[in-house]
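Single-structure report; data block below.
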Amino acid sequence: MESRLILDGAEGAPANLALEEALLRGNGGLVLRLWGNERSVIIGRAQLARFETDMERCAREGIPIVRRMTAGGAIYNGRGNINWSLFVGREFKGGRIRYTWGVREIFRMAADVVVEAAAACGVRTWLDEPNRILSAEGKVSGMAAYLSRGGLLCHGTLLLDADLEEAAALTQPSGVELERRYTRSRAMRVANTGIGPDAFIASMRSVVGEEIGEQIEPEQPTDSERRTAESLLPKYNDPIWNLGDPFEWRST
């Protein structure tokens with residue numbers, strides 16, 4: 001099965017989230033994507049933005065709030081962090097990297113890769129189940145996943161040298177109680193790893209390559225994937241999708 005490495009691939013938070021969905025839809029093998037994002041707040045699929053971030057500050061400072069297709073809590077993107085994404089097709093098997101029907105198993109698989117890559121860069125981390133990666137100083141990456149019959153996506157944001165005060169301020173959940181169907185963010189101490197982005201990219205590439213038994217080379221998204229991402233972009237630019245009630249939004 002085909003294995004690919006995609007570095008970045010899109011520009012702007014809505015386009016990046018549209019490409020994530022497009023890659024999941026089109027992937028039958030393995031895609032490792034390592035990418036940066038603009039200063040933004042990314043909320044989980046089942047969250048209400050007004051209870052998970054400072055919407056007034058985001059509007060005042062031009063910080064986009066974008067809903068992703070995966071579950072979980074709100075995260076901060078911007079300078080000093082790197083996003084990692086693993087797309088695994090249903091028939092793909094490469095060592096520990098394989099399609100599995102279970103979200104906890106997906107988190108363990110992805111965490112194994114990230115933890116090993118961080119260790120190769122001299123930083124000890126570990127999985128705090130179900131979906132957090134910790135160092136001795138605090139949380140360095142969360143994870144979110146999407147599982148379909150055709151494949152899976154697990155992605156997260158690794159803190160390298162981020163503005164931790166801003167990250168904490170923009171992902172501080174309110175104390176308002178909501179119905180259980182809405183996912184709430186969980187405030188906890190976060191920490192930078194101090195790893196350089198180029199070092200982490202090289203390490204992730206090496207760890208995945210060793211696991212699947214082949215070196216993966218950087219590629220761009222295919223024309224088909226780009227067209228799919230473009231068709232999805234209106235959703236990720238839609239304020240109703242991003243800021244409204246996730247259980248009321250309907251695509252047109």
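The values are calculated or read from the model by the stated rules, or taken from the named source; none is laboratory data. Since the model is a prediction, treat every value here as computed from it, not as a measurement. All Cβ positions, even for glycine, are placed from backbone atoms using ideal geometry, and neighbour counts span all protein chains on display. Remember, those area values only see protein heavy atoms, side chains included, never the ligands or the DNA or RNA. Shrake-Rupley method; radii C 1.70, N 1.55, O 1.52, S 1.80 Å.
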**Item:** Near pairs, Cβ below 8 angstrom, 6+ apart or cross-chain, from the range 57-69 (in a helix (DSSP H, G or I) and of a type in the set (Lys, Arg)) to any residue that is modelled with pLDDT of 95 or more and buried (at least 19 other Cβ atoms within 10 Å of the Cβ)
**Value:** Arg57/Ile63; Arg57/Leu170
**Request:** Determine whether the range 141-163 contains at least one residue that is in contact with a Ser or Thr (Cβ under 6 Å, 6 or more places away or on another chain) and farther than 25 Å from Ile106 by Cβ.
**Result:** no
**Prompt:** Does Gly80 fit the bill of being surrounded by 17 or more Cβ atoms within 10 Å (Cβ to Cβ) and either within 15 Å of Val208 (Cβ to Cβ) or modelled with pLDDT under 95 (or both)?
**Reply:** no
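Here is a yes/no grid of residues against (1) under 20 Å from the mean Cα position of the chain (by Cα); (2) over 22 Å from Gly29 (Cα atoms); (3) at pLDDT below 95; (4) assigned to a loop (DSSP other than H, G, I, E, B):
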{"residue": "Met188", "(1), (2), (3), (4)": "yes, yes, yes, yes"}
{"residue": "Thr193", "(1), (2), (3), (4)": "yes, yes, no, yes"}
{"residue": "Val207", "(1), (2), (3), (4)": "yes, no, no, no"}
{"residue": "Glu210", "(1), (2), (3), (4)": "no, no, no, no"}
{"residue": "Ser224", "(1), (2), (3), (4)": "no, no, no, no"}
{"residue": "Leu232", "(1), (2), (3), (4)": "yes, no, no, no"}
{"residue": "Ser251", "(1), (2), (3), (4)": "no, yes, yes, yes"}
**Request:** Mind listing just one residue for me: the one in the range 220-229 that is surrounded by 14 or more Cβ atoms within 10 Å (Cβ to Cβ) and not β-branched (Val, Ile, Thr) and, of those, nearest to Leu32 (Cα to Cα)?
**Result:** Pro221
**Request:** Report the residue count in the range 98-124 for those that are in a loop (DSSP other than H, G, I, E, B), closer than 21 Å to Ile212 by Cβ and open to solvent by less than 30 Å² (accessible area, probe 1.4 Å).
**Result:** 1
**Message:** If I filter the range 59-77 down to residues being farther than 17 Å from Ala169 by Cα and among the small types (Gly, Ala, Ser), which single residue comes out as most open to solvent (accessible area, probe 1.4 Å)?
**Reply:** Ala71
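Matching residues to (1) of a type in the set (Val, Ile, Thr); (2) open to solvent by 10 Å² or more (accessible area, probe 1.4 Å):
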site	(1), (2)
Glu2	no, yes
Ile6	yes, no
Ala18	no, no
Glu21	no, yes
Leu24	no, yes
Arg57	no, yes
**Request:** Scan the range 28-47 residue by residue and report those that are crowded, with 23+ Cβ neighbours inside 10 Å and over 15 Å from Ile75 (Cα atoms).
**Result:** Leu30, Val31, Leu32, Arg33
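Checking the structure you have, find out if any residue of the range 35-51 is assigned to a helix (DSSP H, G or I) and of a type in the set (D, E, K, R). Explain how you work it out, then say what you get.
From the range 35-51, those assigned to a helix (DSSP H, G or I) are 49-51; that's our starting set.
From the residues that got through so far, the ones that are of a type in the set (D, E, K, R) too are 50.
Yes, some residue in the range 35-51 is assigned to a helix (DSSP H, G or I) and of a type in the set (D, E, K, R).
Please verify whether Glu211 is open to solvent by 50 Å² or more (accessible area, probe 1.4 Å) and farther than 30 Å from Arg50 by Cβ, treating the condition exactly as stated.
On the way: open to solvent by 50 Å² or more (accessible area, probe 1.4 Å): no; farther than 30 Å from Arg50 by Cβ: yes.
No.
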**Asked** Which residue, of Leu127, Leu153, is in contact with a helix residue (DSSP H, G or I) (Cβ under 6 Å, 6 or more places away or on another chain), over 25 Å from Gly26 (Cβ atoms), among the hydrophobic types (A, V, I, L, M, F, W, C) and not in a loop (DSSP other than H, G, I, E, B)?
**Response** Leu127
**Complete:** If we keep only residues of the range 195-205 that are of a type outside the set (A, V, I, L, M, F, W, C) and farther than 11 Å from Leu32 by Cβ, then the residue least open to solvent (accessible area, probe 1.4 Å) is Ser203
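With the requirement that a residue be of a type outside the set (A, V, I, L, M, F, W, C) and under 14 Å from Asn192 (Cα atoms), what does the range 113-131 give you? Write out each step before concluding.
Residues of the range 113-131 of a type outside the set (A, V, I, L, M, F, W, C): 116, 122, 124-125, 128-131.
Result: Gly122, Arg124, Thr125.
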**Prompt:** Among the residues of the range 21-41, is any of a type in the set (A, V, I, L, M), within 13 Å of Ala145 (Cβ to Cβ), touching an Asp or Glu at 6+ places or on another chain (Cβ under 6 Å) and in contact (Cβ under 8 Å) with a residue 40 or more places away in the chain?
**Reply:** no
